[in-house]
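To start, the structure under review is shown below, and the notes come after it.
The values are calculated or read from the model by the stated rules, or taken from the named source; none is laboratory data. As the structure is a computational prediction, the values presented were derived from the model and not from experiment. Here the Cβ is made from the backbone with ideal geometry for all residues, glycine too, and neighbour counts use every protein chain on show. These area figures cover heavy atoms from the full protein model, side chains too; ligands, DNA and RNA do not enter into them. Shrake-Rupley method; radii C 1.70, N 1.55, O 1.52, S 1.80 Å.
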Amino acid sequence: MNLTLKIWRQPDASSAGAMQTYQLSDVSPDMSFLEMLDVLNEQLNDKGEDPVAFDHDCREGICGSCGLMINGDAHGPEVTTTCQLHMRSFSDGETITIEPWRADAFPVIKDLVVDRSAFDRIIQQGGYISVNTGSAPEAHSVPVPRDDALRAFNVATCIGCGACVAACPNGSASLFMGAKITHLGELPQGQPERDSRVVNMVAQHDHEGFGGCTNIGACTAACPKEIPLDVISQLNKDLRTAIRHGH
Amino acid sequence: MPDTVSAAEASASGFLDGDYDDAAGYYTPGTPLVDTKAPEGPIAERWQNRKFEARLVNPSNRRKLSIIIVGTGLAGASAAATLGEAGYNVKSFCYQDSPRRAHSIAAQGGINAAKNYKEDGDSVHRLFYDTVKGGDYRSRESNVYRLAEVSTNIIDQCVAQGVPFAREYGGLLDNRSFGGVQVSRTFYARGQTGQQLLIGAYQALERQVSAGTVTTYTRHEMMELITVDGKARGIIARDMVTGAVETHLADVVVLASGGYGNVFYLSTNAMGCNVTAAWRAHRKGAYMANPCYTQIHPTCIPVSGSHQSKLTLMSESLRNDGRIWVPKNQADCDKDPRDIPEEDRDYYLERIYPSFGNLVPRDIASRAAKNVCDEGRGVGPEVDGVRRGVYLDFSAAIERLGKKGITEKYDNLFDMYERITGENPFEVPMRIYPAVHYVMGGLWVDYDLQSTIPGLFVTGEANFSDHGANRLGASALMQGLADGYFVLPHTIRDYLADGPFEEITEDHPAVVEARESVKGRIDHFLSVNGTRSVDSYHRELGNIMWEYCGMERTETGLKKAIDLIRSLKDDFYRNVKVLGSAETLNQSLEKAGRVADFFELGELMCIDALNRRESCGGHFRGESQTEDGEALRHDDEYAYVAAWEWAGEDSIPVLHKEDLVYTAIEMKQRSYK
């Protein structure tokens with residue numbers, strides 16, 4: 001395949017960025033999208049041009065490092081991570097536009113690399129169950145109904161890639177937060193901190209500069225792990241309950 | 001020596017009378033390593049005794065003591081969380097943008113624990129026994145027993161954290177069995193167990209960040225270890241965003257920096273996994289043990305072409321329901337597998353190993369796959385003239401459990417396979433082939449997980465101690481969490497009880513020297529301005545390692561590999577092309593430093609493999625096999641840990657041997673037939 005790539009280049013956080021155009025030939029449909037960028041980078045390096053910086057690590061769709069806006073879609077045209085997107089999803093002669101995640105709360109570091117540390121700071125505000133090491137009761141002492149465990153698992157699969165934020169016109173991280181709140185809220189272990197968790201996480205979310213949720217649903221459509229939209233309803237419900245409880 | 005093997009074995013293995021040392025000239029013999037600090041007494045009481053004897057640190061003194069932890073995977077994040085809770089000052093470093101992305105997250109299958117919830121005969125002793133046997137009697141007895149012992153606490157801890165393990169309808173935890181064992185002791189969260197365990201540890205870590213006991217340094221790479229008066233006292237790290245070379249000092253340093261499988265270039269490791277933290281410590285005096293012990297995982301997606309950047313593992317749990325076969329006749333290899341009748345299929349694992357069948361340990365499954373492909377009965381696309389793939393067939397399981405049952409059990413694995421290969425495994429059998437997955441070698445540690453440098457502790461995959469020559473499925477996650485949650489926090493306090501430690505400042509000569517050496521390396525890579533990219537060197541090194549130090553090794557091959565590595569390394573230092581500057585995010589520069597360390601490690605791996613003229617676990621020496629081609633161990637000669645000491649830039653390494661002594665378990669030749 002022969003491709004025209006339009007890629008966002010930005011030397012660092014404080015410099016202005018711009019789109020640049022590259023031609024790439026002999027792309028195999030079996031390559032992953034990131035392998036295609038590897039090939040481009042080898043060519044740039046040979047020519048003495050700075051290779052394109054992008055985040056990636058496991059290349060198995062699970063670590064959540066990678067994330068590109070491809071032709072305006074977070075992670076591109078398929079419901080998957082960028083590393084698991086393959087070039088067979090594109091056609092010969094196509095022009096592909098590649099940009100970093102777009103969100104105020106995810107400032108660009110270089111080229112296609114953004115800073116997502118705001119997600120860690122949200123988790124720091126209650127995205128956990130407080131249990132010190134060694135003080136846990138016997139695992140079978142608290143049975144969890146199978147369906148609850150399944151539901152908790154399904155939403156716990158969030159990889160924190162940030163596609164939900166990038167896809168949202170408001171730049172909201174409600175799907176990310178809703179997934180964690182639902183995961184921990186489904187389990188008996190998560191109940192004691194349920195109210196404080198949601199209140200503190202939402203406060204941090206707003207403090208970081210993420211936008212509000214207006215139920216557009218672009219987040220869930222872009223989510224590579226298919227986290228359902230109803231985790232946001234759960235988030236709102238938990239928040240109302242917490243406020244009613246006086247938090 | 002030769003009189004310890006039978007005549008038949010000797011002739012099969014090509015042994016000749018007289019002394020032989022394949023690695024003579026490649027190393028200097030050193031003094032034996034005698035003190036492993038393993039406690040005496042009955043094995044079941046050793047850990048309890050050690051915990052009791054380890055000195056305590058008063059809570060008010062803990063906040064005056066500082067700990068650096070490099071790596072935030074299962075071993076690093078769990079250690080940081082636990083030591084933070086205890087009240088120490090912890091600095092946690094990772095090269096990723098968030099601790100949550102450490103490669104433990106990609107582990108799929110599960111985690112073992114001797115809970116005996118199935119009442120199928122499991123016990124701490126049986127988990128211990130299976131693990132030592134699975135490691136081909138090349139792991140340390142005391143360490144493995146402790147691992148089995150604390151395994152039950154791990155499950156309790158993770159459940160309390162909200163890790164959503166699979167459950168049965170009654171609300172209790174479900175288990176499954178895994179390769180190499182005959183009991184159901186593996187706890188799992190569909191095909192994403194590593195992710196769920198890591199998120200649990202990550203959340204515990206972030207809780208401590210909020211509590212102020214842990215400070216995280218993300219996008220930071222450890223570039224050098226600082227030692228003062230022979231003790232580890234800090235690290236030099238590079239801020240990968242600004243390029244700043246930073247000095248971080250502490251009373252003790254913990255390396256939880258994972259494995260070095262990426263020396264092979266193609267592996268199931270994350271792209272950023274590297275050996276630098278461990279290798280820099282090795283150059284400062286930490287011994288590197290059994291570096292040639294590499295686990296080749298049997299169930300990975302085969303290579304599709306030369307562009308490939310990494311390999312993807314399919315959980316070994318698939319072998320519970322999938323049946324492995326190749327066509328009996330070479331002529332059938334390019335046919336649609338669905339058109340090959342039952343009688344023309346060779347279910348070779350079930351045929352050769354009837355009692356374990358498709359659940360034989362990883363090394364056996366891997367080598368058997370390689371053998372049938374080398375015979376010319378492999379399937380899938382031809383790469384370099386050979387079809388390197390075997391079928392993993394779920395048709396019987398789909399009939400038995402239904403598509404829904406399979407999806408519930410294996411979740412994303414079927415989707416993942418289809419996404420990568422473009423083939424639907426519900427319709428056509430999956431194709432699998434072995435790939436480099438995990439390394440059992442690593443920095444040498446004593447029973448306390450302390451390296452040969454006082455004050456440098458090493459946990460998880462970065463150390464060598466628990467797995468021996470091979471690793472049973474679902475035991476890596478167990479070791480990472482055991483070390484981080486339950487072992488290190490006890491042993492490190494004994495070391496910290498010596499505090500307060502002498503204060504070190506940034507202008508201490510040892511600190512200045514470490515910082516200058518890092519800057520010198522960076523300047524070198526940026527100034528070469530040669531013609532070849534870092535990646536091209538890494539690929540070439542990887543090919544050499546896979547070809548000569550991979551699934552099967554021989555004396556001739558290993559010697560050739562060492563020559564090839566030495567000349568490639570020489571060329572790398574003279575001809576590598578790294579663009580950009582040091583004061584910015586520079587991914588080529590990051591890779592250059594890592595590949596430089598892989599060259600030195602790769603050479604040591606070959607020397608270690610050369611020294612070990614026996615086949616055990618994942619390490620198969622062509623010169624040491626039985627008449628029917630099975631791995632042949634030589635316990636009388638090689639029941640030792642090979643601990644290598646760095647002797648300097650222009651010197652050959654020094655080999656120290658630690659004898660492996662088994663008191664609670666009898667050494668046996670493995671047989672899975």
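Within the range A:126-161, work out how many residues are more than 7 Å from chain B (Cβ to nearest Cβ) and either open to solvent by less than 30 Å² (accessible area, probe 1.4 Å) or among the polar types (S, T, N, Q) (or both). Adding up the residues that qualify gives 8.
Looking at B:Glu513, B:Glu540, B:Glu547, which is the one that is farther than 30 Å from B:Asn143 by Cβ, within 14 Å of another protein chain (Cβ to nearest Cβ), part of a helix (DSSP H, G or I) and open to solvent by 40 Å² or more (accessible area, probe 1.4 Å)? After ruling out the rest, the residue left standing is B:Glu540.
Filter the range B:407-463 down to residues that are part of a strand (DSSP E or B) and touching an Asp or Glu at 6+ places or on another chain (Cβ under 7 Å) and give me whichever is surrounded by the fewest Cβ atoms within 10 Å (Cβ to Cβ).
B:Tyr438
One residue alone among B:Asp597, B:Asp563 is within 23 Å of B:Arg521 (Cα to Cα) and away from chain A (no Cβ under 13 Å), and that residue is B:Asp597. Scanning the range A:86-125 for residues that are facing another protein chain (nearest Cβ under 7 Å) and of a type in the set (Val, Ile, Thr), we see that the one that is farthest from A:Asp38 (Cα to Cα) is A:Ile123. Within the range B:272-327, the set of residues being among the hydrophobic types (A, V, I, L, M, F, W, C), within 20 Å of B:Lys370 (Cα to Cα) and away from chain A (no Cβ under 14 Å) comprises B:Cys292, B:Ile296, B:Leu318, B:Ile324, B:Trp325, B:Val326.
Scanning the range B:630-647 for residues that are of a type outside the set (D, E, K, R) and open to solvent by less than 20 Å² (accessible area, probe 1.4 Å) gives B:Leu632, B:His634, B:Tyr638, B:Ala639, B:Tyr640, B:Val641, B:Ala642, B:Ala643, B:Trp644.
Yes/no matrix, rows are residues, columns are (1) within 7 Å of chain A (Cβ to nearest Cβ); (2) crowded, with 23+ Cβ neighbours inside 10 Å; (3) under 23 Å from A:Ala152 (Cα atoms):
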{"position": "B:Ala148", "(1), (2), (3)": "no, yes, no"}
{"position": "B:Ser151", "(1), (2), (3)": "no, yes, no"}
{"position": "B:Val159", "(1), (2), (3)": "yes, yes, yes"}
{"position": "B:Gly162", "(1), (2), (3)": "yes, yes, yes"}
{"position": "B:Leu173", "(1), (2), (3)": "yes, no, yes"}
{"position": "B:Ser177", "(1), (2), (3)": "no, no, no"}
{"position": "B:Ala189", "(1), (2), (3)": "yes, yes, yes"}
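Looking across B:Asp363, B:Asp334, B:Asp339, B:Asp321, one residue alone is within 27 Å of the chain's Cα centre (by Cα) and farther than 28 Å from B:Cys616 by Cβ. It is B:Asp321.
In the list A:Cys63, A:Cys83, A:Cys58, which residue meets the criterion of being within 10 Å of chain B (Cβ to nearest Cβ), at pLDDT 95 or above and outside any loop (DSSP other than H, G, I, E, B)?
A:Cys83
In the range A:1-24, which residue that is part of a loop (DSSP other than H, G, I, E, B) and within 13 Å of another protein chain (Cβ to nearest Cβ) is farthest from the chain's Cα centre (by Cα)? Residue satisfying both the conditions and the ranking: A:Met1. Within the range B:460-500, the set of residues being touching a residue at least 40 places away in the same chain (Cβ under 8 Å) and charged (D, E, K, R) comprises B:Glu461, B:Asp466, B:Arg471, B:Asp483, B:Arg493, B:Asp494.
Out of (1) within 8 Å of another protein chain (Cβ to nearest Cβ); (2) without any contact (Cβ under 8 Å) to a residue 40 or more places away in the chain; (3) of a type outside the set (Val, Ile, Thr); (4) in a helix (DSSP H, G or I), the odd one out for A:Leu44 is which? It is condition (1) that A:Leu44 fails. Every listed requirement among (1) surrounded by fewer than 14 Cβ atoms within 10 Å (Cβ to Cβ); (2) in a helix (DSSP H, G or I) is met by A:Met201 save one, (1).
Residue-by-condition table, conditions (1) open to solvent by less than 40 Å² (accessible area, probe 1.4 Å); (2) part of a loop (DSSP other than H, G, I, E, B); (3) in contact (Cβ under 8 Å) with a residue 24 or more places away in the chain; (4) more than 14 Å from chain A (Cβ to nearest Cβ):
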site: B:Pro32; (1), (2), (3), (4): no, yes, yes, yes
site: B:Ala44; (1), (2), (3), (4): no, no, yes, yes
site: B:Val57; (1), (2), (3), (4): yes, yes, yes, yes
site: B:Ile67; (1), (2), (3), (4): yes, no, yes, yes
site: B:Ala77; (1), (2), (3), (4): yes, no, yes, no
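Residues that are open to solvent by 10 Å² or more (accessible area, probe 1.4 Å), part of a helix (DSSP H, G or I), within 7 Å of another protein chain (Cβ to nearest Cβ) and not hydroxyl-bearing (Ser, Thr, Tyr) do occur in the range A:169-191, at least one of them. Mind listing just one residue for me: the one in the range B:372-386 that is away from chain A (no Cβ under 14 Å) and modelled with pLDDT of 90 or more and, of those, most open to solvent (accessible area, probe 1.4 Å)? In this case the residue turns out to be B:Glu375. If you go through the range A:68-78 and keep only what is open to solvent by 10 Å² or more (accessible area, probe 1.4 Å), part of a loop (DSSP other than H, G, I, E, B) and more than 10 Å from chain B (Cβ to nearest Cβ), you end up with A:Asn71, A:Gly72, A:Pro77.
Quick grid of which residues meet (1) surrounded by fewer than 20 Cβ atoms within 10 Å (Cβ to Cβ); (2) of a type outside the set (Ser, Thr, Tyr); (3) touching a Leu at 6+ places or on another chain (Cβ under 9 Å):
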site: B:His297; (1), (2), (3): no, yes, yes
site: B:Ser315; (1), (2), (3): no, no, yes
site: B:Arg319; (1), (2), (3): no, yes, yes
site: B:Ala331; (1), (2), (3): yes, yes, no
site: B:Glu350; (1), (2), (3): yes, yes, no
